[in-house]
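Participant: I have a structure here, written as structure tokens, and I will follow up with some questions on it.
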């Protein structure tokens, strides 16, 4: 774990001072992508789902750093939006399962019931908190059988912070972000410029130089797969970026988030 903690200190220094706001995009030259060990493309990719979440609470800086230390080719994350329009890395639309929100009495009156994917859900929702408020929470392990020693030590991170973890790695590490619950987010979050969740998501990727078709020179320098369970969002983003996209499904009996259709073997969707 020695190397892991060494890298953690470096990234903490890079990101400190911007804990309550998205950091400005560094110049491309700072990443020195031409002098890092390249992505290995001759074998299947090793994708760290939510980071090394079996060891460290999911979607935190240490979980991603640990995954990179362990050899991950890609670090995967789920992207949601805060009340004030910042993009964050968090899996659930509610904070209940993986933060200390239930113990934070100052937020006890924020509990709500909303419809999410055609079902009523009750809890503390990400969309009802500003980034500053979310940064005051501490994350914990989702399951009791996982290592509990890091509970309460780490913050929720922003999409920008997640990207910088990959870009400042000592080798090429790809990102694998999921546009999470875009229908729900667009219902509850309205940006002042009139743009949608999908627009903000792609703008962030472009700001950091992510572009290019699969296996192109641009893609190999900064590998990226965009994923979502919402096919209309993926199609919408295809008009903004040529980066590869992955359509996620549960099974052929589950309706999609946005089309209210079940899938079949003839479902027409070409994204790559």
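Every number in this text was worked out from the coordinates using simple rules, so none of it is lab data. A quick note: this is a predicted structure, and the numbers were derived from the prediction, not measured. As a convention, Cβ positions derive from the backbone with ideal geometry for all residues, glycine included, and neighbour counts pool all protein chains shown.
Participant: Suppose each label sits 7 Å from its Cα in the direction of the beta carbon; what would the residue 218-residue 97 distance come out to in nanometres?
Facilitator: It works out to 3.5 nm between the two label points.
Participant: Shifting gears a bit: Test of understanding: express the Cα radius of gyration of segment 34-100 as a ratio to 2.2 N^0.38 Å, with N the residue count. Walk me through the numbers on the way to the answer.
Facilitator: Working: Rg = 14.1 Å, N = 67, 2.2 N^0.38 = 10.9 Å.
Rg over 2.2 N^0.38 Å, computed on Cα atoms: 1.30.
Participant: Please report, in Å, the Rg and the Dmax of segment 66-221, where both are computed over Cα atoms only.
Facilitator: 16.7, 51
Participant: Find the centroid of the Cα atoms in segment 50-105 and in segment 155-198, then give the distance between the two in whole Å.
Facilitator: Measuring centre to centre over Cα atoms gives 11 Å.
Participant: Okay, next question. May I ask you to sort 69, 213, 59, 76 by Cβ crowding, counting other Cβ atoms within 10 Å and putting the fewest first?
Facilitator: So the ranking, lowest neighbour count to highest, is 213, 69, 76, 59.
Participant: Sorting 247, 184 on the 10 Å Cβ count, fewest up front, what's the list? Walk me through the numbers before you get to the answer.
Facilitator: Working: 247 19, 184 22.
In order of increasing Cβ crowding within 10 Å: 247, 184.
Participant: Quote the Stokes-Einstein diffusion coefficient, in whole µm² s⁻¹, for segment 134-255, based on the Kirkwood radius over alpha carbon pairs, a temperature of 25 °C and a viscosity of 0.890 mPa s. Could the numbers behind the result be given before it?
Facilitator: Details: Rh = 16.5 Å.
The calculation lands on 149 µm²/s.
Participant: Could I ask something else about it? Which order do 195, 200 fall in if you start with the one that has the fewest other Cβ atoms within 10 Å? Let's see the in-between values first.
Facilitator: Details: 195 13, 200 19.
Placing the least packed residue first, the sequence is 195, 200.
Participant: Another one. Want the number for residue 186 to residue 240: 0.36 nm per residue separation, take away the alpha-carbon distance, what's left? Please report the intermediate quantities before stating the final value.
Facilitator: Working: separation 54, 0.36 × 54 = 19.44 nm, distance 1.77 nm.
Extending this stretch completely gives an extra 17.7 nm.
Participant: Looking at the P(r) of segment 26-146, how many percent of alpha-carbon pairs lie beyond 20 Å? Numbers along the way, then the final one.
Facilitator: Values: 3971 of 7260 pairs.
Value for segment 26-146: 55 percent of Cα pairs lie more than 20 Å apart.
Participant: Taking just the alpha carbons, could you work out the radius of gyration and Dmax for segment 159-204, both in angstroms?
Facilitator: Here Rg and the maximum Cα pair distance are 13.2, 39 Å.
Participant: Could you calculate the contour length gain from residue 250 to residue 195, that is, 0.36 nm times the residue separation minus the distance between their Cα atoms, to one decimal place in nm? Spell out each step's value before the answer.
Facilitator: Details: separation 55, 0.36 × 55 = 19.80 nm, distance 2.87 nm.
Full extension of this stretch gives 16.9 nm more.
Participant: Let me ask another. Below 8 Å between Cα atoms, with a sequence gap of 6+, how large is the relative contact order for segment 50-146 in percent? Intermediate results must be reported in sequence, preceding the final value.
Facilitator: Numbers: 138 pairs, mean separation 27.0, N = 97.
In percent, rounded to a whole number, it is 28.
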